[in-house]
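Novice: Can you read through this structure? Questions will come right after.
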Amino acid sequence: MKIASTICRYLLGTLFFVFGLNGFLHIIPEPPTPPGLALDYFMILLKSHYMVLPFLLQIVGGVLLLANRFVPLALVLLGPVLVNILMFHALMAPAGLPPGVVAAVLWLVVFMRHRAAFAGVFAARPPAQPLA
């Protein structure tokens, strides 16, 4: 499982780093956006410069995963970006959904390796803290 997690971490880090850089450098040609709601949504995000933050989060999260430093933080940063990718493709552009699902599976494998770092988040009640 450790080897699979490491491979998934490198793949996920490379994926987000490259596509985050692509948001600024346009190194990968983009396919045409499907007409309708997807095009309207995409144009609003681009013209408002909203996508600058998600692209930066992808770069930072990808670098953290590739460097194997602060991996739980990288997963926290990339989780919402991944949810938005999945929601966009599930609701507006279904043709791009399979790569998003692959990224989600990679994220889950890496998450399972580092799930102990998230134990406090999934606690029903926080542990009692002594008063000072």
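Novice: How many residues does the stretch 51-89 contain that are in contact with a helix residue (DSSP H, G or I) (Cβ under 6 Å, 6 or more places away or on another chain), free of Cβ contacts under 8 Å to residues at least 12 places away in the same chain and part of a helix (DSSP H, G or I)?
Specialist: So the answer is 1.
Novice: Answer yes or no as to whether V109 is hydrophobic (A, V, I, L, M, F, W, C), surrounded by 16 or more Cβ atoms within 10 Å (Cβ to Cβ) and over 12 Å from the mean Cα position of the chain (by Cα). Let's see the steps before the verdict.
Specialist: Details: hydrophobic (A, V, I, L, M, F, W, C): yes; surrounded by 16 or more Cβ atoms within 10 Å (Cβ to Cβ): yes; over 12 Å from the mean Cα position of the chain (by Cα): yes.
Criteria met by V109.
Novice: Follow-up. Criterion first (more than 25 Å from L106 (Cβ to Cβ), assigned to a loop (DSSP other than H, G, I, E, B) and over 12 Å from the mean Cα position of the chain (by Cα)) does P31 satisfy it?
Specialist: Values: more than 25 Å from L106 (Cβ to Cβ): no; assigned to a loop (DSSP other than H, G, I, E, B): yes; over 12 Å from the mean Cα position of the chain (by Cα): yes.
For P31, the condition - more than 25 Å from L106 (Cβ to Cβ), assigned to a loop (DSSP other than H, G, I, E, B) and over 12 Å from the mean Cα position of the chain (by Cα) - is not met.
Novice: Considering F118, F88, which residue is over 15 Å from the mean Cα position of the chain (by Cα), within 23 Å of G13 (Cα to Cα) and of a type outside the set (K, R)?
Specialist: Values: F88 fails: over 15 Å from the mean Cα position of the chain (by Cα).
Of the residues listed, the single one that is over 15 Å from the mean Cα position of the chain (by Cα), within 23 Å of G13 (Cα to Cα) and of a type outside the set (K, R) is F118.
Novice: Here's another thing I want to ask about it. Determine whether L65 is in contact with a Gly (Cβ under 6 Å, 6 or more places away or on another chain) and modelled with pLDDT of 95 or more. Spell out how you get there, then give the answer.
Specialist: Working: in contact with a Gly (Cβ under 6 Å, 6 or more places away or on another chain): yes; modelled with pLDDT of 95 or more: yes.
Taking the combined requirement at face value, the residue satisfies it.
Novice: Moving on to the next point. Out of A67, A90, I need the residue that is under 23 Å from F24 (Cβ atoms) and small (G, A, S). Which one?
Specialist: Numbers: A90 fails: under 23 Å from F24 (Cβ atoms).
Within the list A67, A90, the selection yields A67.
Novice: Inside the stretch 20-70, can you point out the residues that are farther than 18 Å from G96 by Cβ and of a type in the set (D, E, K, R)?
Specialist: K47, R69
Novice: With the condition kept exactly as written, say whether any residue in the stretch 105-122 is among the charged types (D, E, K, R), without any contact (Cβ under 8 Å) to a residue 40 or more places away in the chain and assigned to a helix (DSSP H, G or I).
Specialist: Within the stretch 105-122, the subset among the charged types (D, E, K, R) is 113, 115.
Cutting the leftovers down to without any contact (Cβ under 8 Å) to a residue 40 or more places away in the chain gives us 115.
Now narrow it down to the ones that are assigned to a helix (DSSP H, G or I): 115.
Checked the stretch 105-122: at least one residue is among the charged types (D, E, K, R), without any contact (Cβ under 8 Å) to a residue 40 or more places away in the chain and assigned to a helix (DSSP H, G or I).
Novice: Given the conditions (1) buried (at least 16 other Cβ atoms within 10 Å of the Cβ); (2) of a type outside the set (A, V, I, L, M, F, W, C); (3) not in a helix (DSSP H, G or I), report the number of the one that G96 does not fulfil.
Specialist: Checking G96 against (1) buried (at least 16 other Cβ atoms within 10 Å of the Cβ); (2) of a type outside the set (A, V, I, L, M, F, W, C); (3) not in a helix (DSSP H, G or I), the one that fails is (3).
Novice: Consider V71 carefully, then state whether it is loosely packed, with under 13 Cβ neighbours inside 10 Å, of a type in the set (A, V, I, L, M) and under 16 Å from Y10 (Cα atoms). First the steps, then the outcome.
Specialist: Working: loosely packed, with under 13 Cβ neighbours inside 10 Å: no; of a type in the set (A, V, I, L, M): yes; under 16 Å from Y10 (Cα atoms): yes.
Spelling it out, it is not the case that V71 is loosely packed, with under 13 Cβ neighbours inside 10 Å, of a type in the set (A, V, I, L, M) and under 16 Å from Y10 (Cα atoms).
The values are calculated or read from the model by the stated rules, or taken from the named source; none is laboratory data. Just so you know, these numbers come straight off a predicted model, no measurement behind them. Neighbour counts run over all protein chains shown; Cβ positions are idealised from the backbone, glycine included.
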